[in-house]
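Note sheet for the following structure.
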Amino acid sequence: MIDLYPAIDLLGGRVVRLRQGDYADETVYGDDPVAVARRFAAEGATWIHVVDLDAARSGDPVNRPVVAAVVAALDGAARVQTGGGVRTLDDARELADAGVARVVMGSAAVREPSLVEQATPIVPVAVGLDHRNGEVAVHGWTEGSGVMLEDLYGRYPTAEVFVITDIGRDGMLTGPDLDGLARSAEVADAPVIASGGVSSLADIEALARIGNLGGVITGKAVYEGRFTVSEALDALAGRPE
């Protein structure tokens, strides 16, 4: 079963989407992340993907109380996977204490792979590998790391999943990188969650055909009304609309 992860990206406490990770190119979709999370859960989502964009850029987890409020409001109706600025074991502990089911480590995991193994006893860890043309980016996508995607998969033996984001497609509604994701799903040591570019139910159905794929993150397409969370869940399950 492939899980759906409707996304809530937080910037200054608001629900936003960025184009290609550009903080100067944002669209605001609401001021109430808790209400958005509740709506996604009511439509059948069992996971919510929450990103603290402020923390991803600056390291200052200003949206952490919002993340905790989302977890509390869901009250077990859906699990929360959260990333953005998760750079230390203390970050992992704080989020675990807030009830988050899984944290996403990106820049910190690229810089110090052993941190993932150290954090795993505290809370399950997803390794977020965000890339431009295969080069992994760090620090809120503002810098290239000089490391290629496929060189990293073997460095995280305790990772529960990998979240793979094609930055060039993120927020663009241009379709996911099906070939690249299929390759990642084939070679990675843990399930791969696809992120970036999902624009239609046809994209969801195409992703569902990739063997070993663990999940799909969708954001802008849902906010723009291209499909609903419940329709995406049906598409992943292979059920006709």
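The values are calculated or read from the model by the stated rules, or taken from the named source; none is laboratory data. Being a predicted model, the structure only gives us computed values, none of them experimental. Cβ atoms come from the backbone with ideal geometry, glycine included; neighbour counts cover every protein chain shown.
Can you tell me which residue is farthest from Val110 (Cα to Cα) among those in the range 57-92 that are out of contact with any helix residue (DSSP H, G or I) (no Cβ under 8 Å at 6 or more places or on another chain) and aliphatic (A, V, I, L, M)? Spell out the reasoning first.
Just the residues of the range 57-92 that are out of contact with any helix residue (DSSP H, G or I) (no Cβ under 8 Å at 6 or more places or on another chain), to begin with: 57-59, 65, 68, 71-72, 75-76, 79, 81, 90-91.
Subsequent filtering for residues that are aliphatic (A, V, I, L, M) retains 68, 71-72.
Values: Ala68: 26, Val71: 27, Ala72: 30 Å.
In this case the residue turns out to be Ala72.
Please work out if Gly225 is surrounded by fewer than 21 Cβ atoms within 10 Å (Cβ to Cβ), at pLDDT 95 or above and either in contact with a Cys (Cβ under 7 Å, 6 or more places away or on another chain) or not in a strand (DSSP E or B) (or both).
So Gly225 fits the description; yes.
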- Message: I'd like the full set of residues that are in contact with a helix residue (DSSP H, G or I) (Cβ under 8 Å, 6 or more places away or on another chain) and of a type in the set (Gly, Ala, Ser), limited to the range 181-204.
- Response: Ser184, Ala188, Ala194, Gly197, Ser199, Ser200
- Item | The one condition in (1) modelled with pLDDT under 95; (2) under 23 Å from Lys220 (Cβ atoms); (3) touching a strand residue (DSSP E or B) at 6+ places or on another chain (Cβ under 8 Å) that Leu10 fails to fulfil | (1)
- If you go through the range 191-231, how many residues are out of contact with any Gly (no Cβ under 9 Å at 6 or more places or on another chain) and acidic (Asp, Glu)? 2
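Are any residues in the range 20-47 within 17 Å of Ala194 (Cα to Cα) and touching a strand residue (DSSP E or B) at 6+ places or on another chain (Cβ under 8 Å), and if so, which ones? Step through it out loud before you land on a result.
Taking the range 20-47 and keeping what is within 17 Å of Ala194 (Cα to Cα), we get 20-21, 45-47.
Residues satisfying the conditions are Gly21, Ala45, Thr46, Trp47.
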- Scanning the range 27-64 residue by residue, those free of Cβ contacts under 8 Å to residues at least 12 places away in the same chain and under 14 Å from the mean Cα position of the chain (by Cα) turn out to be none
- Item | Number of the exception - Ala68 against (1) surrounded by fewer than 22 Cβ atoms within 10 Å (Cβ to Cβ); (2) at pLDDT 95 or above; (3) in contact with a Gly (Cβ under 8 Å, 6 or more places away or on another chain); (4) within 16 Å of Gly219 (Cβ to Cβ) | (4)
- Query: Is it fair to say Asp166 is buried (at least 23 other Cβ atoms within 10 Å of the Cβ), at pLDDT below 95 and closer than 27 Å to Gly99 by Cβ?
  - Reply: no
- Regarding Val50, is this residue buried (at least 19 other Cβ atoms within 10 Å of the Cβ), assigned to a helix (DSSP H, G or I), of a type outside the set (Asp, Glu) and touching a strand residue (DSSP E or B) at 6+ places or on another chain (Cβ under 6 Å)? no
- Query: Taking the condition surrounded by fewer than 21 Cβ atoms within 10 Å (Cβ to Cβ), touching a residue at least 40 places away in the same chain (Cβ under 8 Å), touching a Gly at 6+ places or on another chain (Cβ under 9 Å) and in a strand (DSSP E or B), does Tyr23 pass?
  - Reply: yes
